[in-house]
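**Student:** The structure is given below, and queries will be raised subsequently.
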């Protein structure tokens, strides 16, 4: 692929890193480059109010001296900046004692993969103009104004290049695109929400997205209050993502298993969820924003974490796989992970989370609900008990009471505090899947992508109500 305007391209990126690598005085050296641009069009009160383009270049150097290892960072690809970062990492390693947990950098053959890589870079996204983004937004605003409501939201396109080299021969590069569109529609009493996440911006359908959010907004009026208690529920995929985030973050990475913090620790081969739950990671799934390499430059491979409710495997990188006697599967975390997402640290984690679903629409799942809740999504979720994987957060942008398969009232937002494994043990039916992100990642605080179904669950624990 020829580099496009503003991109480094594979040859230039790898050559710049390889040239710097040759001068490293460390015993082993790894250099990771992540560069790209993000274009954002924001709208509020039925008007576009901001259009920005941000570019970023960041480089992480890992230097090994004996059994000691250290990192240094820079935001420049200039030769002198790379040399300074290498020198800083090497000096830091020299000043440290031996790290018995360090197993060495990976070699090119450490994580072989023969899987076919689906398309990950689309010119329709990389070359989308501000005018094209604005045209999509105007469709949303026009439909919202016709309904008598007010629209807020964001349209994003981005291009990212990842390049990794190390002194043991690893040379890896991937360029990806992504597009995200979301609309929050306000009727003065309540809100409706819809979003879409793709690699190819040509697949976005602003009119359909607006229709979904407006429909939800029309329903979200005259909210009633519900008392705390256990409710059966239909969870739309965005809500499911916020529940699933916590077993992923605190249980499906080898680092948490190794430390004993994971609910999977000591449970491999045992039942941990309902028998109808299969949950894993597939970095090459076309509908889950595929990415063929990890941050060590290793080929990313699918991992079946939970199959038929039984704990099977976790995401690994070179170090955790070696220490646990497992095969590495290409899930090394970003070297900036501890900075970007402190909860995750630098443990390997699933970043392309897959749960197979069914063919039923959310409305069809709702029709089979005798009495319970329908929940659009969650807001500001946390995990107060990681080992038990307890999720807590409030509902948002459309929570409804269902009786005899029909929505009978909008409900004021609820506080939910729910052990996720118990939730996944109560799944009665699965609907169609959707590509989405949890609340944190959708707001720029994480990169995990999910391909998840809507779920009808037997119980979801409401512990409080809000005043809105």
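The values are calculated or read from the model by the stated rules, or taken from the named source; none is laboratory data. This structure is a prediction, so every number in the text was calculated from the model and none was measured. Glycine also receives a Cβ, built like all others from the backbone with ideal geometry; neighbour counts cover every protein chain displayed.
**Student:** Return the only residue of 315, 364 being at pLDDT 95 or above and within 25 Å of residue 271 (Cα to Cα).
**Tutor:** 315 is the lone residue from the list that is at pLDDT 95 or above and within 25 Å of residue 271 (Cα to Cα).
**Student:** Next up: May I ask you to verify whether residue 408 is closer than 20 Å to residue 229 by Cβ, free of Cβ contacts under 8 Å to residues at least 24 places away in the same chain and in the same structural domain as residue 293 (by TED's automatic domain parsing)?
**Tutor:** The answer is yes for residue 408.
**Student:** On the given criteria, is residue 257 more than 18 Å from residue 443 (Cα to Cα), touching a helix residue (DSSP H, G or I) at 6+ places or on another chain (Cβ under 6 Å), buried (at least 18 other Cβ atoms within 10 Å of the Cβ) and assigned by TED's automatic domain parsing to the domain that holds residue 272?
**Tutor:** No.
**Student:** How many of the residues in region 12-34 are in contact with a strand residue (DSSP E or B) (Cβ under 8 Å, 6 or more places away or on another chain) and outside any helix (DSSP H, G or I)?
**Tutor:** Count: 10.
**Student:** Residue check: is residue 291 assigned by TED's automatic domain parsing to the domain that holds residue 258, within 20 Å of residue 161 (Cβ to Cβ) and crowded, with 24+ Cβ neighbours inside 10 Å?
**Tutor:** no
**Student:** Would you call residue 393 crowded, with 19+ Cβ neighbours inside 10 Å and under 20 Å from the mean Cα position of the chain (by Cα)?
**Tutor:** So residue 393 fits the description; yes.
**Student:** With under 21 Å from residue 456 (Cβ atoms), without any contact (Cβ under 8 Å) to a residue 40 or more places away in the chain, surrounded by 16 or more Cβ atoms within 10 Å (Cβ to Cβ) and within 26 Å of the chain's Cα centre (by Cα) as the only criterion, which of 233, 194, 239 stands out? Break it down stepwise before answering.
**Tutor:** On the way: 233 fails: without any contact (Cβ under 8 Å) to a residue 40 or more places away in the chain; 239 fails: without any contact (Cβ under 8 Å) to a residue 40 or more places away in the chain.
That would be 194, the only listed residue that is under 21 Å from residue 456 (Cβ atoms), without any contact (Cβ under 8 Å) to a residue 40 or more places away in the chain, surrounded by 16 or more Cβ atoms within 10 Å (Cβ to Cβ) and within 26 Å of the chain's Cα centre (by Cα).
**Student:** Under 16 Å from the mean Cα position of the chain (by Cα), in the same structural domain as residue 406 (by TED's automatic domain parsing), at pLDDT below 95 and not in a loop (DSSP other than H, G, I, E, B), is that true of residue 344?
**Tutor:** no
**Student:** Follow-up question, since we're still on this one. Working carefully through the options 399, 449, 417, find the one that is buried (at least 23 other Cβ atoms within 10 Å of the Cβ), over 21 Å from the mean Cα position of the chain (by Cα) and touching a residue at least 24 places away in the same chain (Cβ under 8 Å).
**Tutor:** After applying the criteria, what remains is 399.
**Student:** Given (1) at positive phi; (2) within 27 Å of the chain's Cα centre (by Cα), identify the lone condition not met by residue 405.
**Tutor:** (2)
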